[in-house]
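Reviewing the structure listed below.
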Amino acid sequence: MTVVGRTWERLTIPGKILAVVIPLGAVLTAGLAILIAVIGGAVVQFLVDNLPLVRFVVAATIVLLMTVPSAFLIIYMEMKVIALMNLRYGPDRVGPFGSALSVVHGLKVLMKEDFTPTGADVPVFTLAPVVVYMSSVMSLLVLPFAPGLFGQDFNIGLLYFFAMGGLTVVGLLMAGWSSFNKYSLLGGLRSAAQVISYEIPLTLSVVGVILLAGTMSLNQIVLGQAGNLFDWYIWRQPLAFVVFFIAVTAEANRTPFDLTEADSEIVAGFATEYSGMRFGFFFFAEYVNVFIASGLTVAVFLGGWNAPFNWPWPVAVGLDPGSLGIGLLLLLTLGPPLAIVVLGLPFYLLNSRIRFWQALIIGFGLFNVIAVAAVLGLAFLSFDWVVGLLWFMGKTYVFVFTFVWMRGTLPRVRIDQLMGFAWKWLLPAALLNLFVTAFAILVLNR
Amino acid sequence: MTTRTPFDIPAHASTDDPRVTLDEQLGVFEPIPPYPPRTEREAEFYTLRDGEMFLNMGPQHPSTHGVLRVVLKIDGEKVVDLDPVLGYLHRGVEKLCENADYHQAICYTDPLEYISSLFCEWSPVMAFEKLLDVQVPRRAEYIRVLSGELNRIASHALFIGWFALDLGGLTPILWSFIERDEIVEMLAALTGQRMLFNYFRIGGVNGDLNHEFMSRLGTWMSKATHQINSNQALLNENEIFVRRARGLGVIDTATALQMCMTGPNLRATGVPFDIRRAHPYSIYPELDFDIPSRTEGDCLARYLLRMDEVKQSLRIIDQCLHRMPDGPVMAKLPRLIRPRPGRAYAAIEGPRGQYATYAISDGTDQPYRMRIHDPSFIHLQSVGLLTPGNLIADTMAIMASLDPIMGGVDK
């Protein structure tokens, strides 16, 4: 055996890993540096020339990556909230308060067998989950999260949104038809009937808002609601809001309109024959749809990322150190030690096994964390997109909670009641709202 | 190389079976039996008109309440015709009872209606007592009524949960399971078992009331009314629930009587027939309670009637606790009992209706013949009458509102 071979044998496992990784990294870094030196300029030039394209690609990637954690969050939220409504504990084993359970669910779904039943129309069967998932992700692209934080600001944003929502039904119909199962077929047909019926009141209910805002761009609609709570469109379009929320619940196939996957009637509807990650795509798409439905409701009727009151955002961190005089010196010299002692003292008093110097170390660590968090937090809050994102997410998750709440309490409607409700009540209400809004605009503008 | 006849292929072959070709596999999915029609009804049912198709629902379906298989003939969402296929849970209980002695027979009847087992014991025990001409001690009768009414509440609580679950509500079943679980736990303290109690004996009951049972019962009784009311408030005022259940699966009095319906399903059509009052047994004549009845005869009436019955059961339990006499809980009987040859019939009012046993003795220590009349089987007949013309979703609601237990149907 050679010397190299014997040295290799004597290395521990971390040593072996380092012995491979360090030379490899050095070579790769050198190669990358040479590559950048040679073609870097051209690449940068290309990116600068095509900035909108780059922006679009980056935004689309971020949106695609964002769907999975947000779906995980909503799934966990649903499990936990419904458990509390059912007077049980819900997930409490994996992670703190069971919060990692939905991640484990995702991994489980990935590892399961991907089964295609005999007699299925294989290409259609395989493509259906992709269509459903992609249509959800693509409608997320126009949702304005914060000032300047959106995938693309189309001037036909709302129209694009409904078009993409309509694509979902194609995927569900594909799944229902190609599975070669009667339950799947019934589920697919139900979803087609339901989504097409509810698309009409859904679209008509926002026409009033479009008339008021004068644009279909979601970003412009949100900008039009700037100001305080009473500038939101929900006060000028209350009927449209009700119609819109009911219709969007039906569009997202949520209880009480979850007839497409009614487990007590047609087993699992269109998803009966799906397993593994194909089923996972349907599952993710459902929860992404919940997020989208909530986000759209917030953007159109509840001011999007606007705060509900006139607050001087972004925060003006107006600190003038000179005005403190001698106080500044005292603050800087006495403040930190005092804070360290105050933060460390509880640990010393509450736990007899912690010595005083150990408590001081803990206090020092805590003080640093708090100081850095305060500085960074203030700095971030001075960006208006951070504030906007916080407001948007807060409002959106209120609606996500409402969807979960409805699922916990309401039974399911019947198919004829569902269709009758759409055509006999929602459609006339949406039309009435449209005519009244148009008439009011005509009279007031004259 | 053997030639294959159509009978080589099992009627419901697995799709993974390598002996079955693809075409044969695709043909297997229609639930048409592999033999020529035997009756006119079969010929009519298995002939499809234009636009109709079969939907094979069960035996593994989330909401057929066990292993019932229903072949639906549907036109779109509408159910045109329906054929229940029974026997997936058949164990030959009657025959098993005939090969066991009188004490052992009671164990076999226990799992028939497995969510109200005490009633499945009560009826054969009463029949055997009539054969033997035994006088049951009064304390034993009171304990029987007390535990029986508790079991009735548990059964009705489960019905409420199932009914709501079949209509798509997630929460009511978990709320009503709290109630049921407390009752089941206290009966476990009394009898030693949670579901299949095996508590009633010929001539009495197996063991007196104990402290744990009484303390659990007292705790539960103090909050029972509040608990039941809160469960009701979840469903009774829910617009979606009421709109789905009202006017669905209406059966009129004459038809219900023709179909031999009993129990809550008959009382929901306006006939206040209750065996506890009509053919009194045990100590029921001494107790003060009402027989609730409703006139609508639809799913909502059946649901609301069971709610009323729960309140009457609470009244009965209250009276039992106040009037409970002292004394023995078992009559004096020999270990091996050999009744004189003869026949006896005993009917009781179970949570689902008339539960009856007809026993014939030939003088040996085993019953010569034992026939069990189960209300679930009787009520399941009328599904075929009520469902056609409704939607697929209503099939579940109607089936759930009749409250059949497949253990009792298939025996």
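Each reported figure results from applying straightforward, stated rules to the coordinates on display, with no laboratory input. None of the values given here were measured: they were computed from a predicted structure. Note: ideal-geometry Cβ built from the backbone for every residue, glycine included; neighbour counts use all protein chains shown.
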Which whole-number percentage describes the relative contact order of chain B, with Cα contacts under 8 Å and a sequence gap of 6 or more? 23
Who wins for biggest fluctuation among B:359, B:400, B:43 in a Gaussian network model of chain B, springs between alpha carbons below 10 Å? B:43
So, with points 7 Å from each Cα along the Cβ direction, the residue B:333-residue A:126 label distance in nm works out to 6.9
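At a Förster radius of 22 Å, what calculated FRET efficiency corresponds to the Cβ-Cβ distance of residue A:231 and residue A:398, to the nearest 0.05?
Working: r = 19 Å, r/R0 = 0.85.
E between residue A:231 and residue A:398, to the nearest 0.05, is 0.75.
Could you state, as a whole-number percent, how many of the C-alpha pairs of chain A are farther apart than 41 Å? Show your work: numbers first, answer last.
Values: 36887 of 99235 pairs.
So the portion of pairs separated by more than 41 Å is 37 percent.
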Specify the inter-centroid distance of the range B:61-76 and the range A:347-400, based on alpha-carbon positions, in whole Å. 56
Charges at C-beta only: +1 for Lys and Arg, -1 for Asp and Glu. How large is the resulting dipole of the range B:167-319 about its Cα centre, in Debye rounded to 20? 280
With unit charges on the beta carbons (Lys and Arg positive, Asp and Glu negative) and the dipole taken about the Cα centre of chain B, which residue among B:287, B:275, B:303 sits farthest to the positive side? B:287
Would you mind ranking A:169, A:222 by Cβ crowding within 10 Å, fewest neighbours first? A:169, A:222
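How big is the charge dipole of the protein assembly as shown about its Cα centre, in debye rounded to the nearest 20, if each Lys and Arg gets +1 on its Cβ and each Asp and Glu gets -1 on its Cβ?
Values: 63 positive and 72 negative charges, 336 e Å.
For this selection, approximately 1620 debye.
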With only helices counted (DSSP H, runs n ≥ 4, each -39500 (n - 2.57)), the per-residue ellipticity at 222 nm for the protein assembly as shown, to the nearest 500, works out to -19500 deg cm²/dmol
Given the options A:388, A:214, A:325, which has the most mean-square fluctuation in a GNM of chain A, springs set between C-alpha atoms less than 10 angstrom apart? A:325
How high is the FRET efficiency from residue B:107 to residue A:89, r the C-beta distance, R0 45 Å, rounded to 0.05? 0.80
Taking every pair of alpha-carbon atoms in the protein assembly as shown, what share in percent sits in each 10 Å bin, from 0 to the bin with the longest distance? 2, 10, 15, 17, 17, 14, 11, 7, 4, 2, 0, 0
With a point put 7 Å past each Cα toward its Cβ, work out how far residue A:381 is from residue A:342 in nm, to one decimal. 1.8
The range A:321-381: relative contact order from alpha carbon pairs under 8 Å, six or more residues apart, as a whole percent, is 29
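Loop only by DSSP, 10 or fewer other Cβ within 10 Å of the Cβ. Give me the trypsin sites (Lys or Arg not before Pro) in the range A:68-152 that pass, ordered by residue number. Intermediate results must be reported in sequence, preceding the final value.
Working: sites: A:80, A:88, A:93, A:108, A:112; in loops: A:88, A:93, A:112.
Taking the range A:68-152 and a limit of 10 other Cβ atoms within 10 Å, the loop trypsin sites (Lys or Arg not before Pro) found are A:93.
Hey, fewest Cβ within 10 Å first, where do B:88, A:160, A:133, B:303 land in order?
On the way: B:88 15, A:160 19, A:133 23, B:303 27.
Taking fewest neighbouring Cβ atoms as first place, the list is B:88, A:160, A:133, B:303.
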Tell me, what HN-Hα J-couplings in whole Hz come from the Karplus equation 6.51 cos²θ - 1.76 cosθ + 1.60 at θ = phi - 60° for each residue of the range A:354-360, using x for Gly and Pro? 9, 6, 5, 5, 5, 4, 5
Under a plain spin-label model, where a point goes 7 Å from the Cα along Cα-to-Cβ, how far apart in nm are residue A:26 and residue A:441? 6.9
Diffing the range A:409-421: the Karplus 3J(HN,Hα) column from phi (6.51, -1.76, 1.60, θ = phi - 60°), in whole Hz with x for Gly and Pro, holds 10, 9, x, 9, 7, 8, 5, 6, 5, 4, 5, x, 5
Too-long pairs where the Cα-Cα distance tops 24 Å, listed order kept, from A:80/A:395; A:108/A:182; B:311/B:332; A:182/B:78: A:108/A:182; B:311/B:332
Kirkwood Rh, the range B:93-373, all Cα pairs: how many Å? 19.6
Which order do A:265, A:199, A:251, B:42 fall in if you start with the one that has the fewest other Cβ atoms within 10 Å? B:42, A:199, A:251, A:265
Expected max-MSF residue from A:150, A:291, A:367 in the GNM of chain A (alpha carbon, under 10 Å) is A:367
Report the full-extension gain for the segment residue A:328 to residue A:153: residue separation times 0.36 nm, less the Cα-Cα distance, to one decimal in nm. 58.2 nm
Divide the volume of the convex hull of the Cα atoms of the range A:321-381 by its number of residues and quote the answer in cubic angstrom per residue. 86
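Please go through the range B:293-341 and write out the trypsin sites (Lys or Arg not before Pro) that DSSP classes as loop and that have at most 11 other C-beta atoms within 10 Å.
Counting only loop positions with at most 11 other Cβ atoms within 10 Å, the trypsin sites (Lys or Arg not before Pro) in the range B:293-341 are B:332, B:335.
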State to the nearest 20 debye the size of the charge dipole of chain A about its Cα centre, where the only charges are +1 on K and R beta carbons and -1 on D and E beta carbons. 840
Place a label point 7 angstrom from the Cα of residue B:364 along the Cα-to-Cβ direction, then list the residues of the range B:90-122 whose backbone nitrogen is under 20 Å away. B:92-109
Specify the angular offset, from 0 to 90 degrees and rounded to the nearest 10, of the alpha carbon long axis of helix A:122-139 from the longest principal axis of the alpha carbons in chain A. 70
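Quote the relative contact order of chain A in percent (integer), defining contacts as alpha-carbon pairs under 8 Å separated by 6+ residues.
This gives 20 percent for chain A.
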For residue A:17 and residue A:53, calculate 0.36 nm times their separation in residues minus their Cα-Cα distance, and state this gained length in nm to one decimal. 9.0 nm
Looking at B:409, B:380, A:104, which one has the Cα that reaches farthest to the positive end of the dipole of the protein assembly as shown (charges on Cβ: Lys, Arg +1; Asp, Glu -1)? A:104
At R0 = 60 Å, how high is the FRET efficiency between residue A:6 and residue B:385 if r is their beta carbon distance? Nearest 0.05 is fine. 0.10
For the range A:276-296 and the range A:32-59, what is the separation of their Cα centres, given in Å? 33
Alpha carbon centre of the range A:169-214 versus the range B:199-226: separation in Å? 55
Toward the positive end of the charge dipole of the protein assembly as shown, about the Cα centre and with charges on Cβ (Lys, Arg +1; Asp, Glu -1), which of A:307, A:211, B:396 goes farthest? A:307
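Please express the shape of the range A:141-244 as an equivalent ellipsoid: the semi-axes are the square roots of 5 times the eigenvalues of the C-alpha gyration tensor, given largest first in whole angstrom.
Values: eigenvalues 216, 52, 20 Å².
Calculated on Cα positions only, the semi-axes equal 33, 16, 10 Å.
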